[in-house]
1. Go through 253-263, 184-194 and give me the packing order, highest mean Cβ count within 10 Å leading.
2. Just the number please: accessible area per residue for segment 27-173, 1.4 Å probe, all protein chains included, in Å².
3. Please give the length that would be gained between Leu289 and Gln156 if that part of the chain were fully extended, namely 0.36 nm times their separation in residues minus their C-alpha to C-alpha distance (nm, one decimal).
4. May I ask which of Lys197/Lys255; Lys151/Lys345; Lys238/Lys290; Lys255/Lys303; Lys197/Lys252 have a Cα-Cα span longer than 28 Å here?
5. Summarise the accessible area of segment 1-119 (1.4 Å probe, protein heavy atoms) by the percent that is carbon and sulfur.
6. Largest first, how would Arg168, Arg286 line up by accessible area (1.4 Å probe)?
7. Please list the radius of gyration and Dmax for the chain, considering alpha-carbon atoms only, with Å as the unit.
8. Taking the full set of protein chains and a 1.4 angstrom probe, give the accessible area of Asp140 in square angstrom, rounded to the nearest 10.
Amino acid sequence: MADVDVIIPCYNYAHYLEGCVASILSQRDVDVRILIVDDCSPDNTEEVGRRLAAEDARVHYSKNPQNLRLIGTANRGILDWAQSRYTLLISADDALTPGALSRAVEVLDSNPEAGMLYGMAVMMGSDGPPPPVSDNHSPDHVILDGPDYIKYVCEQGNAVPSPCAIVRTELQQRLGGYDPALPHTSDMEMWLRFASKSDVAVVNAPQGYYRWHSSNMSQAFIGQDLSDRKEQIDTLRKLRSHAGETIKDLRKWVKDAEVRLVREALLIASQRGKEPNSSVSRQALRFALKFDRLCFLRPYNWKPIIKILLQAIQAGSSRANADAETNAAQGVESTAQQWFSPGQKIGWWPGH
């Protein structure tokens, strides 16, 4: 049987940890090793982690000497500990679906040109059991050329749900760890790095459960729309600097992505409410001009730009601005909590 190493960074998620580990240990037809990396959690992660390791020899527990945050913790596992043929990184609040590792290994064993594989994720809320998913033994799969995957990301954004990507350990360690300079797009950057060096396999099956709750890094970041898009641009520019001479049309794809992200930022800033914070409006316009100097000449940008300018004029007193900022933040939080329904599948399936 194929061997898979699974790294579980854990910070303050002791109450989810046992379910995550159980979903991995119950995987069929693979030999698994699990490393729980405790990032100095203030909850009882250490107690739960040590108990799980004592109960099953396949489970190992390690505690960081100091808080390293997510990227430092993940890199400890994938670079310093992983040694099996394949590696999976999964958050302690997520879980695998039945048969996920076996499906991934079967496709990767049959397609050595693919450096990584991903599948779909099933959304679940902060509480309650994950929605039931059947074990699909023979789902469809496709092998994407790396540049085709990269082009999609430039056009649409990140394609890979985070608990659903399994990689070849040897290639992962040659490519290096996650980039601490890109804390919110480090997974997107990593998959692009793989795609610049290998093909990407995609399986049309739910491979993992992705939990959405108020503690998610993405939830905490969702209100920082401009920063998010700035980091996506930084990610794509990093890829361009490393692979721009080897991937045809990459420079054009990255430029088109910048134009798309500017358009998104303007739309979001224009929809922040009747009395948005004027500083947000100014930041949005500066962002637009920095990354798309022709933004004012693009007809689809005219309406949001005019709306932003009118809103800035109407912002009024500093008191009104403060109240509006609070209302906008509350509106963002409400939207963030309702963008999915439990059991909904996410991820790009290119086979249709």
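1. Values: 253-263: 19.4, 184-194: 21.9.
Highest to lowest by the protection proxy: 184-194, 253-263.
2. On the way: 6100 Å² over 147 residues.
So segment 27-173 comes to 42 Å² accessible per residue, rounded to a whole number.
3. On the way: separation 133, 0.36 × 133 = 47.88 nm, distance 2.13 nm.
Taking Leu289 through Gln156 to full extension adds about 45.7 nm, to one decimal.
4. Values: Lys197/Lys255 21 Å; Lys151/Lys345 22 Å; Lys238/Lys290 17 Å; Lys255/Lys303 22 Å; Lys197/Lys252 19 Å.
Beyond 28 Å: nothing from the list.
5. Values: 2240 of 4690 Å².
Heavy-atom surface of segment 1-119 belonging to carbon and sulfur, 1.4 Å probe: 48 percent.
6. Details: Arg168 45, Arg286 145 Å².
Solvent-accessible surface, decreasing: Arg286, Arg168.
7. Considering the chain through its Cα atoms, Rg and Dmax are 21.4, 67 Å.
8. The value for Asp140 is about 100 Å².
The values are calculated or read from the model by the stated rules, or taken from the named source; none is laboratory data. Bear in mind that the values here come from a model prediction, so they are computed numbers and not experimental data. Neighbour counts are summed over all protein chains in view; Cβ atoms, including those assigned to glycine, are modelled from backbone coordinates with ideal geometry. Side chains are part of the model used for accessible areas, which takes the heavy atoms of the whole protein and leaves out ligands, DNA and RNA. Shrake-Rupley method; radii C 1.70, N 1.55, O 1.52, S 1.80 Å.
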